[in-house]
Amino acid sequence: MQGDSFIIITLLLGVILSLYMGKWSLPFTMYKLRNLTSVPLENSFTLRETLKKSKYLTYFIFQGTVLAAILTFAYCMERSPLTLYSETDKYLVMALFAFVFLMYVLIRTVVTRTVNATFFDRSQRRMSYIDRHFFLALDSFLLLPVTIALLFLGCGASACVKMAIAGVIITKALYFHKLYCIFFRKNGGFLRFFLYLCTLEAVPIALLIGILAIIINTLSTNI
């Protein structure tokens with residue numbers, strides 16, 4: 001992985017695009033960072049003004065699927081190497097992983113919007129969508145330094161995956177806190193909150209891990 005020129009060029013291009021998108025989304029990002037543990041009013045002037053810049057964070061979500069695919073592939077090759085007959089096979093496997101991660105994000109978004117539209121009002125849904133978009137972009141951005149450590153600093157894939165998981169756990173904890181404040185704090189529905197997390201967080205992640213395990217097992221025996 002460290003000597004793969006195509007992956008390195010792709011990563012460097014990603015760094016350049018990240019700097020560009022980060023520059024344009026900086027006002028919104030700084031606003032959200034200042035309000036990590038609080039829920040601002042929906043009609044806040046600052047929120048409405050900075051929200052215009054949030055669209056640039058969408059890039060980080062798509063970039064995150066590619067970086068997650070690279071980390072997954074590196075982890076598989078370190079733990080139980082796949083049998084690859086050509087360089088093309090490597091890129092096809094990473095593309096397959098990226099497609100799975102992208103479908104996970106898209107399907108989970110559709111399911112989340114459907115559930116929220118059924119049980120919560122428009123104001124709550126709007127605030128939750130803003131936070132979900134921000135934290136998903138933040139999760140994806142955290143994969144960039146981890147991937148750089150993998151390709152340029154010689155860190156092992158297992159260590160890099162553990163660092164990525166640790167970062168995601170922290171951001172997920174903050175995201176769950178915001179969800180509780182938006183949807184459940186006034187209602188005092190801790191049990192409902194627990195069921196909500198199981199339905200829209202735990203189950204999708206378990207399915208994602210299961211699908212990846214099936215793909216890896218299939219590729220290990222058929223490639």
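The values are calculated or read from the model by the stated rules, or taken from the named source; none is laboratory data. Remember, it's a predicted structure, so these values are computed and weren't measured experimentally. All Cβ positions, even for glycine, are placed from backbone atoms using ideal geometry, and neighbour counts span all protein chains on display. These area figures cover heavy atoms from the full protein model, side chains too; ligands, DNA and RNA do not enter into them. Shrake-Rupley method; radii C 1.70, N 1.55, O 1.52, S 1.80 Å.
Restricting attention to the range 168-181, does a residue exist that is in a helix (DSSP H, G or I) and touching a Ser or Thr at 6+ places or on another chain (Cβ under 6 Å)?
No, every residue in the range 168-181 fails to be in a helix (DSSP H, G or I) and touching a Ser or Thr at 6+ places or on another chain (Cβ under 6 Å).
Of the listed requirements (1) touching a residue at least 40 places away in the same chain (Cβ under 8 Å); (2) of a type in the set (Lys, Arg); (3) not in a helix (DSSP H, G or I), residue 126 misses just one: (3).
Is the range 182-195 home to any residue that is within 19 Å of the chain's Cα centre (by Cα), closer than 18 Å to residue 115 by Cβ and either open to solvent by 20 Å² or more (accessible area, probe 1.4 Å) or among the hydrophobic types (A, V, I, L, M, F, W, C) (or both)?
First, pick out the residues of the range 182-195 that are within 19 Å of the chain's Cα centre (by Cα): none.
Checking the range 182-195: not a single residue is within 19 Å of the chain's Cα centre (by Cα), closer than 18 Å to residue 115 by Cβ and either open to solvent by 20 Å² or more (accessible area, probe 1.4 Å) or among the hydrophobic types (A, V, I, L, M, F, W, C) (or both).
I'm checking my understanding of the structure. Among residues of the range 69-88 that are at pLDDT 70 or above and open to solvent by less than 20 Å² (accessible area, probe 1.4 Å), which one is farthest from residue 133 (Cα to Cα)?
Initially, the range 69-88 is screened for residues at pLDDT 70 or above, giving 69-80, 88.
Within this subset, residues satisfying the condition of being open to solvent by less than 20 Å² (accessible area, probe 1.4 Å) are 69-71, 73-74, 76.
Working: 69: 20, 70: 22, 71: 22, 73: 26, 74: 27, 76: 29 Å.
Ranking the qualifying residues of the range 69-88, first place goes to 76.
If I ask for residues that are open to solvent by 60 Å² or more (accessible area, probe 1.4 Å) and in a helix (DSSP H, G or I), which ones from the range 3-23 would you list?
Narrowing the range 3-23 to residues open to solvent by 60 Å² or more (accessible area, probe 1.4 Å): 3, 5-6, 9, 12-13, 16-17, 19-20, 23.
Those that are open to solvent by 60 Å² or more (accessible area, probe 1.4 Å) and in a helix (DSSP H, G or I): 5, 6, 9, 12, 13, 16, 17, 19, 20, 23.
State all residues of the range 136-148 that are under 15 Å from residue 78 (Cβ atoms) and open to solvent by 10 Å² or more (accessible area, probe 1.4 Å); if no residue qualifies, say none. Once the filter is applied, which keeps residues that are under 15 Å from residue 78 (Cβ atoms) and open to solvent by 10 Å² or more (accessible area, probe 1.4 Å), the range 136-148 yields only 146.
Criterion applied to 37, 46, 118, 50 was being among the polar types (S, T, N, Q), in a helix (DSSP H, G or I) and either touching a His at 6+ places or on another chain (Cβ under 8 Å) or modelled with pLDDT of 80 or more (or both), and the one residue passing it is 118.
How many of the residues in the range 165-206 are aliphatic (A, V, I, L, M) and touching a residue at least 60 places away in the same chain (Cβ under 8 Å)? Working first, answer last.
As a first pass, look at the range 165-206 and keep what is aliphatic (A, V, I, L, M): 165-166, 168-170, 173-174, 179, 182, 191, 195, 197, 200, 202-203, 205-206.
If we keep only those that are touching a residue at least 60 places away in the same chain (Cβ under 8 Å) too, we end up with 174, 182, 200.
Counting residues in the range 165-206 that are aliphatic (A, V, I, L, M) and touching a residue at least 60 places away in the same chain (Cβ under 8 Å) gives 3.
Taking the criterion of being among the small types (Gly, Ala, Ser) and in contact with a Leu (Cβ under 7 Å, 6 or more places away or on another chain), the residues of the range 141-173 that qualify are 157, 164, 167.
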